[in-house]
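Notes to accompany the following structure.
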Amino acid sequence: MAQAVYHESHGENVLGQAAVAHVIMNRVRSPLYPDSPCEVVWQKGQFSYTEDGKSDRMTDLDAIGKAVDIAWRCRGGRSRTPLTGRFTIMHTTG
């Protein structure tokens, strides 16, 4: 999940990054998606970084730390954001 937060939103602020993590966890809780964050992230056609043919390697140490912290807090239920509610889909505006 941290890898998805990193690749999908490391240029965003903390709320934007948390929104990605929350959407993943909302999908895990939904009967329409797989039952684990890894399965959700790697489900075909769901996250662009998993299918773009580029390296999935994370290289920005500060962004990695932030993504891991956000994913850890969200997965453990210690992070809440009103941005996503129960949403299972999101798209950037830019």
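Each reported figure results from applying straightforward, stated rules to the coordinates on display, with no laboratory input. Please read these numbers as outputs of a predicted model, since none were measured by experiment. FYI the Cβ positions are ideal-geometry reconstructions off the backbone, even for glycines, and counts take in every protein chain you see.
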**Message:** I need the chymotrypsin sites (Phe, Trp or Tyr not before Pro) found in region 1-87, filtered to DSSP loop residues with at most 12 other beta carbons within 10 Å of theirs.
**Reply:** PHE87
**Message:** As a test of the formula, what do you get for the chain when each DSSP H run with n ≥ 4 contributes -39,500 (n - 2.57) and the sum is divided by the residue count, at 222 nm and rounded to the nearest 500 deg cm²/dmol?
**Reply:** -14500 deg cm²/dmol
**Given charges at Cβ of Lys, Arg, Asp, Glu: the chain dipole, positive-most of TYR49, ILE64, VAL20** = VAL20
**Fill in**
With x for Gly and Pro, the residue-by-residue ³J(HN,Hα) of region 38-51, computed from phi through the Karplus equation 6.51 cos²θ - 1.76 cosθ + 1.60 at θ = phi - 60° and given in whole Hz, is 4, 5, 4, 5, 8, 5, 3, x, 9, 10, 4, 5, 7, 10
**Request:** Label region 2-75 by shape, choosing from rounded, prolate and oblate, from the square roots a ≥ b ≥ c of the eigenvalues of the Cα gyration tensor; if a/c is under 1.5 it is rounded, and otherwise prolate applies when a/b is larger than b/c, oblate when it is not.
**Result:** oblate
**Asked** Could you put THR88, THR59, THR50 in order, starting from the residue whose Cβ has the fewest other Cβ atoms within 10 Å?
**Response** THR59, THR50, THR88
**Item:** For the chain, size of Cβ-based charge dipole, Lys and Arg +1, Asp and Glu -1, in debye
**Value:** 400
**Request:** Starting from the Cα of ARG57, step 7 Å along the direction of its Cβ; do the same at ARG75; then give the gap between the two resulting points in nm.
**Result:** 2.3
**Complete:** Note, region 60-67: 3J(HN,Hα) by Karplus (6.51, -1.76, 1.60, θ = phi - 60°), whole Hz, Gly/Pro = x, goes 8, 4, 5, 5, 5, x, 5, 5
